[in-house]
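Worksheet: the structure to be examined is printed underneath.
The values are calculated or read from the model by the stated rules, or taken from the named source; none is laboratory data. The structure displayed is predicted, hence computed values, not measured ones. Using ideal geometry, Cβ is built from the backbone for each residue, glycine included, and neighbour counts are taken over all protein chains shown.
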Amino acid sequence: MIPSLCLRQLYKSVPRLYNIPNELLKAESLALVPTHELVSKLGLVQYPKAGLVHWLPSGNAIRQKLEGLIRNEMNGTGAEEVSLSAISHSALWEQTGRWGGHELFKLKDSTGSHYCLVPTCEEEITHLVKQGLKSYKDLPVTYYQINTKFRDEKRPRSGLLRGREFVMKDAYSFDLTEEEALESYNKMIEAYASVFKKLRVPFVKAEADSGDIGGSLSHEWHYVHASGEDTLFTCLECGNVLNVERTLSYPHEEQQHDDVKVKYFTTDDEKTLVCAYYPGSRELQPLFLTEEIPDIDLSGRLSEEEVLALFKDEDTLINKKIVRIMDLRLNLRLNFPDFPINFINRSLITTLTDIPIVAAEEGELCHKCEEGSLTSKRAIEVGHTFYLGNKYSKALECQVEVPVDGAMKKQDVLMGCYGIGISRIIAAIAEINRDSKGLRWPAAIAPWELTVINLKEYGSDFLAAPFEGLDWRVDARPKIGLGRKIKDSQMMGIPLVAVVGKKWPLIEIEERGIRVALEATKALYDQKTFEWELTGDLDSDTTVKHLVHSDHAGAVVRAILTDM
Ligand code: ATP
Ligand code: MG
């Protein structure tokens, strides 16, 4: 007999906090539990306060696997891992104009210096690279890190989906020329595609607006799901996928609008008044105005009254301009709102018509191919890649001297930044894959791959051999029956359960994970060299059970996991 102490060393047991509440065992009550509560009831995480998270053993195991997968892909691009301080002094943020950002968690030390908990690291990493950069020959360089970020989100939501602290992988590339910078960008988006493929949850890469971070080239990585906060438009003809913030559209035919609304903006130099006219039933998309007025101020720094006040004084108006932009859905015969300023010199007014400036709607025409209709879907943003150009290197003077025609010339380093929301991916996959039996993890990030349940009377000493090298846990809880153990493992979303029992040396293996491919399992099965019986239909998603000789169980489990 093996003493129990020894047993504990030999076998990896299910985590102590694997303690699934009875109330969840009924499918109806399970269906009522929102996913963020489910992951906490199942003991993956705990939320000490809205938006904060404690990672418990099973949740932590998922997180570590996802981090490992991402780390491998990052290393594959040649990026090097760093880990920056979680606290950042206000000075750099003031230099880039981001100290006023709404979401900064700010701190003050005992000497009165101001700091923030880092929400992202463009400032610190640019400064860091600047200090180390001796010559243009040191470029290119890409750094990444995987750690906790902090944002004072006004509405933390659904646990890990929108936390006030969350785990993010952020990477930053530094290049000398635009061409090389785009090469770095492309390498990174290939690595992103590879990460998302390995997670085996369908994803889309959408052209996106670069929002607060700036730059022009950017992509968002999404999971399409009704619970998402983002809207994506897809053209049924050309297949182009765009975030609503980027989707320009045309109406199919001329529409009647009798209600015209207007919003007023100014430019960064406060010399131009921009009046945007659009149908009252639609939503203005101010970002579209930048196509016509690149220096329009969309920061919300000034209220509309303050904007108009800049143009009230007739004496100074002569140095200023007025641009009226009309949405293409309007025609000039309509009643437009009264002009708020007495403008005597009409030559200062420019009117631009036929410009799309409102958010697209389902069924409108795609701007890109001008043929297909647009359909919209809700989506969860899980990653974001930006080409930044010199936005941060200029503000923080991250420059190198480059030889040009025999002389040395200073040049801004060109940057890209690349984020993946690790905690958000975990929450999103939990949400997307869950079903009437509970969670379902992709094999790549499951807290463990296989739960082994062995019936007491058959002892335990034979267990280790068949599953050597796999990530398995024994459910050896003494007072819990077989049926309950299987249910618990399924609810937890573990891809496979193996029952070692009466049929020994045959082992029963039950599938729970989503089989997205068949190749590995089928290829092995078709060899017919193993003692392996199958119930259920491999080609469909119905539960499949396998009865396999213990000598072959490891190989069979490995093949099934490859397909999950
Ligand atoms: P959102 O629009 O959802 O607030 P964001 O545009 O602010 O996202 P980025 O600054 O691009 O996000 O951050 C990179 C990634 O970090 C996002 O794609 C997302 O996966 C993740 N992320 C951002 N904010 C949070 C948050 N509050 N909680 C969890 N993950 C987050
Ligand atoms: Mg945000």
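Do any strands (runs of 3 or more DSSP E) lying entirely in the stretch 183-278 carry at least 3 residues that are touching a Phe, Trp or Tyr at 6+ places or on another chain (Cβ under 7 Å), and which ones are they?
Fully inside the stretch 183-278 and qualifying: 218-224, 260-266.
Given the criterion in contact with a His (Cβ under 7 Å, 6 or more places away or on another chain) and among the acidic types (Asp, Glu), identify the matching residue among Glu401, Glu431, Glu397, Glu449.
The match here is Glu431.
Answer yes or no: is there a residue in the stretch 356-378 that is in a strand (DSSP E or B) and either within 16 Å of ligand 1 (Cβ to nearest atom) or basic (Lys, Arg) (or both).
For the stretch 356-378, residues in a strand (DSSP E or B) and either within 16 Å of ligand 1 (Cβ to nearest atom) or basic (Lys, Arg) (or both): present.
Would it be correct to say that Arg282 is away from ligand 2 (no atom under 16 Å from the Cβ), at pLDDT 90 or above and in a loop (DSSP other than H, G, I, E, B)?
yes
Quick grid of which residues meet (1) closer than 30 Å to Leu24 by Cα; (2) of a type in the set (S, T, N, Q):
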| residue | (1), (2) |
| --- | --- |
| Asn433 | yes, yes |
| Pro447 | yes, no |
| Val497 | yes, no |
| Val516 | yes, no |
| Gln527 | no, yes |
| Glu531 | no, no |
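Tell me the residue from Glu370, Glu364 that is away from ligand 2 (no atom under 16 Å from the Cβ), surrounded by 15 or more Cβ atoms within 10 Å (Cβ to Cβ) and at pLDDT below 95, please.
Unique residue meeting the criteria: Glu364.
Restricting attention to the stretch 39-50, does a residue exist that is under 27 Å from Ala395 (Cα atoms) and in a helix (DSSP H, G or I)?
no
This table checks each residue for (1) closer than 21 Å to Glu431 by Cα; (2) of a type in the set (Val, Ile, Thr); (3) within 13 Å of ligand 2 (Cβ to nearest atom).
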site	(1), (2), (3)
Lys154	no, no, yes
Arg157	yes, no, yes
Val167	yes, yes, no
Tyr185	no, no, no
Phe203	yes, no, no
His222	yes, no, no
Glu237	no, no, no
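Tally time: how many residues in the stretch 162-183 are within 20 Å of Leu133 (Cα to Cα) and buried (at least 20 other Cβ atoms within 10 Å of the Cβ)?
6
What tally of residues in the stretch 127-170 results from selecting those that are within 16 Å of ligand 1 (Cβ to nearest atom) and of a type in the set (S, T, N, Q)?
So the answer is 4.
State yes or no: is Glu122 among the acidic types (Asp, Glu) and within 16 Å of ligand 2 (Cβ to nearest atom)?
In short, yes.
Pairs please, first residue from the stretch 130-143 and in the same structural domain as Gly419 (by the TED database), second anywhere and assigned to a strand (DSSP E or B) and among the polar types (S, T, N, Q), Cβ atoms under 8 Å, 6+ apart in sequence or on different chains.
Listed by first residue and then by second, the contacts come to Lys130/Gln399; Tyr136/Gln411; Pro140/Ser173; Val141/Ser173; Thr142/Ser173.
Quick one: in the stretch 189-206, which of the residues that are under 19 Å from Ala444 (Cα atoms) and small (Gly, Ala, Ser) is surrounded by the most Cβ atoms within 10 Å (Cβ to Cβ)?
Here the answer is Ala191.
Might you let me know whether the stretch 290-309 holds any residue that is within 23 Å of Glu362 (Cβ to Cβ) and in contact (Cβ under 8 Å) with a residue 40 or more places away in the chain?
Yes, that holds for at least one residue.
Out of all the residues in the stretch 335-389, which are within 30 Å of Thr120 (Cα to Cα) and of a type outside the set (Gly, Ala, Ser)?
Lys377, Arg378, Ile380, Glu381, Val382, His384, Thr385, Phe386, Tyr387, Leu388 - these are the residues of the stretch 335-389 that are within 30 Å of Thr120 (Cα to Cα) and of a type outside the set (Gly, Ala, Ser).
Could you list all residues from the stretch 86-126 that are of a type in the set (Ser, Thr, Tyr), in a loop (DSSP other than H, G, I, E, B) and within 15 Å of ligand 1 (Cβ to nearest atom)?
Thr120
Let me spell it out: the conditions are (1) surrounded by fewer than 16 Cβ atoms within 10 Å (Cβ to Cβ); (2) in contact with a helix residue (DSSP H, G or I) (Cβ under 9 Å, 6 or more places away or on another chain), and Asn186 meets all of them except one. Which number is the exception?
Asn186 satisfies all of (1) surrounded by fewer than 16 Cβ atoms within 10 Å (Cβ to Cβ); (2) in contact with a helix residue (DSSP H, G or I) (Cβ under 9 Å, 6 or more places away or on another chain) except (2).
When you scan the stretch 518-535, do you find a residue that is within 23 Å of Gly438 (Cβ to Cβ) and loosely packed, with under 13 Cβ neighbours inside 10 Å, even just one?
yes
Do the conditions hold for Gly159, that is, is it within 21 Å of the chain's Cα centre (by Cα), at pLDDT below 95 and crowded, with 19+ Cβ neighbours inside 10 Å?
yes
Output the number of the condition that Met564 fails; it satisfies all remaining conditions of (1) more than 26 Å from Ile429 (Cα to Cα); (2) surrounded by 14 or more Cβ atoms within 10 Å (Cβ to Cβ).
(1)
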